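See below for the structure under consideration.
Every number in this text was worked out from the coordinates using simple rules, so none of it is lab data. Keep in mind it's a predicted model, so treat the numbers as computed, not measured. With ideal geometry, Cβ positions are generated from the backbone for all residues, glycine too; neighbour counts draw on all protein chains shown.
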Amino acid sequence: MHREEFVALAVLRSCAFLVVPAMAALVLYLVLGASGLFTVDHVSLLEFLTSSHFDPDAHAAGALPFIFGSLAVTGFALAIGGPLGVAVAIFLAEIAPRRVARTLQFAIEILVGVPSVVYGWVGLMIVVPLLRGLTDTAGFGICAAGIVLVVMILPTIVALSLDTLRALPRTLVESSLALGATRWETIRHAMLPAARTGLGVALILGIARAIGETLAVEMVIGNAGVIPHDLFHAAAALPTEIVIDMAGAPPGSFLQHALFAMACLLLLISMLLVLGVRWIARSRK
């Protein structure tokens, strides 16, 4: 092995191995910060996860409203953006003319690079007033945040689903058509079952993008630490609550410990999503 190759290999190995201690340090930092909520402030884990009362001045750290808000907004976005993204990918892969497909794919790629604050501003200026007029409420809430997230996760789901569909062997489609199946029957009974693993990965990564989004959701969700009665009333999510309160949390205070615990919970959810992606990939093999 030449000296240049040896040096390059050593540098690449060092960069790769740095990922593990960096991730371990991040997890350890969050866990140590969150442990104060349970050891110093004597808040039980059950209370933290199930209580709906969050008041740092009264030493109440119920995170249930924020957990509910995060899951509700993410579920709303996935329920609409998931099927829509897969449908757009099917259209681009099998139905749209080549020129139309290239144009739409270019537009979708542009959406990926749009900053979150732009999505939030559009939601604040258009979605919130529209919902305010339709529902006779303030317009802020899970519905507004979910609509914004649908637009944000759509490019991710479309791009990954499109790659999965285009990676399928053409003989699969041609054989189905040769046997007399219609185009829709080919898509439904041949392509979708064969691509279900890749489509599942696309949906999970879309969920990961949605549940960790902060700025755009903060601008339209209303930031009320309560469990809303419906989709059109103000709520809050784990990332938004962390961002709002982090500046006013003194070191070692009850509020800081609670925010660390929320960050740990958010990290745990994200890690579970990554494990879900790996499990799906292994099942495909």
Sorted by chain and number, the residues with a modelled amide H under 5 Å from that of residue 96, at a separation of 5 or more or across chains, are none
TM-like helix rule applied to the chain (DSSP H, alpha carbon span at least 15 Å on the long axis, mean Kyte-Doolittle at least -0.5) gives 3-39, 64-90, 98-112, 142-166, 192-211, 254-284
Compare the peptides 180-193, 15-28 by average per-residue count of other Cβ atoms within 10 angstrom and give them in order, highest first. 180-193, 15-28
Theoretical gain in end-to-end length, residue 102 to residue 196 [0.36 nm per residue, Cα-Cα removed]: 31.5 nm
Cα centroid distance between region 16-78 and region 146-224, in Å? 30
Once amide H atoms are placed 1.01 Å from N in the peptide plane, what residues at a sequence separation of 5 or more from residue 54, or on another chain, have their amide H within under 5 Å of its amide H? 62
Round to a whole angstrom and tell me the spacing of the C-alpha centers of region 91-143 and region 239-283. 27
Region 54-284 - charge dipole about Cα centre, Lys and Arg +1 at Cβ, Asp and Glu -1, debye rounded to 20: 1200
Would you mind calculating the relative contact order of the chain from Cα pairs under 8 angstrom and at least 6 residues apart, reporting the percent as a whole number? 26
Per residue of the chain, what 222 nm ellipticity follows from adding -39500 (n - 2.57) for every DSSP H run with n ≥ 4, rounded to the nearest 500? -24000 deg cm²/dmol
If R0 = 22 Å, then residue 60 and residue 243, at their Cβ-Cβ distance, give a FRET efficiency to the nearest 0.05 of 0.60
Env charge @ residue 144, Cβ radius under 15 Å, K,R +1 / D,E -1, value -3
Cut-off 13 Å between beta-carbons: net charge of the residues surrounding residue 101, Lys and Arg +1, Asp and Glu -1: +2
